[in-house]
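Student: Sharing a structure with you now.
Since every read-out is calculated from the coordinates, none of them should be taken as a lab result. Not measured: the values here are computed from a predicted model. With ideal geometry, Cβ positions are generated from the backbone for all residues, glycine too; neighbour counts draw on all protein chains shown.
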Amino acid sequence: MLDKDNYPDKASLKAIEKWDILKDGIQGLLDLVEDNTYTPDWSFSVTGKRILRFEYHTGGWSGNEDVIDALRQTSLFWLMFWEKSTRGGHYYFRISRAWRKEQTNKVER
């Protein structure tokens, strides 16, 4: 959660870093990232049906930089879904529907 100065708290950043996408899936992680993002209307975007496209833009805000650094520590997420980064704090991820469906089926079993 964001503190009174709109920075993510240490517990939330640690939760992002330690997130297990194999056990806990993707959606909860994306929700946690969004909840800890300053200006999510501009910085956070998830679109698509067959392929989920997740974009994160830090806007130079150090709190948002902390969030992307924590997400980078979630190495399996970064390894599997990171597509590209561009100068200015812009990050792009691509998550296949097949992978999301597989994880949902594991949770339902």
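Student: Go through region 12-28 residue by residue and turn each phi into a ³J(HN,Hα) via Karplus (6.51, -1.76, 1.60, θ = phi - 60°); whole Hz please, and just put x for glycine and proline.
Tutor: 5, 4, 5, 5, 5, 4, 8, 4, 9, 5, 6, 8, 10, x, 9, 4, x
Student: Could you give me the ³J(HN,Hα) list for region 78-89, computed from phi with Karplus coefficients 6.51, -1.76, 1.60 and θ = phi - 60°, whole Hz, x at Gly and Pro?
Tutor: 5, 4, 7, 10, 5, 9, 6, 10, 10, 3, x, x
Student: Continuing with this model, one more query. Where is the GNM fluctuation largest for the chain (alpha-carbon springs, 10 angstrom cutoff): ARG87, ARG72, ARG50?
Tutor: Fluctuation is largest for ARG87.
Student: Which value, in debye to the nearest 20, gives the size of the charge dipole of the chain about its Cα centre, when Lys and Arg are +1 and Asp and Glu are -1 at the Cβ?
Tutor: With only Lys, Arg, Asp and Glu charged at Cβ, the dipole is about 680 debye.
Student: When the Debye formula is applied to the Cα atoms of region 10-108, each taken as the same point scatterer, what base-10 log of I(q)/I(0) results at q = 0.10, 0.12, 0.13, 0.18 Å⁻¹?
Tutor: -0.24, -0.35, -0.41, -0.81
Student: When the chain is modelled as a GNM with alpha-carbon springs shorter than 10 Å, which of THR39, THR86, THR58 fluctuates the most?
Tutor: So, out of THR39, THR86, THR58, the one fluctuating most is THR86.
Student: How large is ³J(HN,Hα) for each residue in region 34-39, as worked out from phi by the Karplus curve 6.51 cos²θ - 1.76 cosθ + 1.60 (θ = phi - 60°), to whole Hz, x for Gly and Pro?
Tutor: Using θ = phi - 60°, the values come out as 4, 4, 10, 9, 7, 6 Hz.
Student: Also: Can you tell me the 0 to 90 degree angle between the C-alpha axis of helix 62-73 and the longest principal axis of the chain, rounded to 10?
Tutor: Helix 62-73 and the main axis of the chain meet at about 30 degrees.
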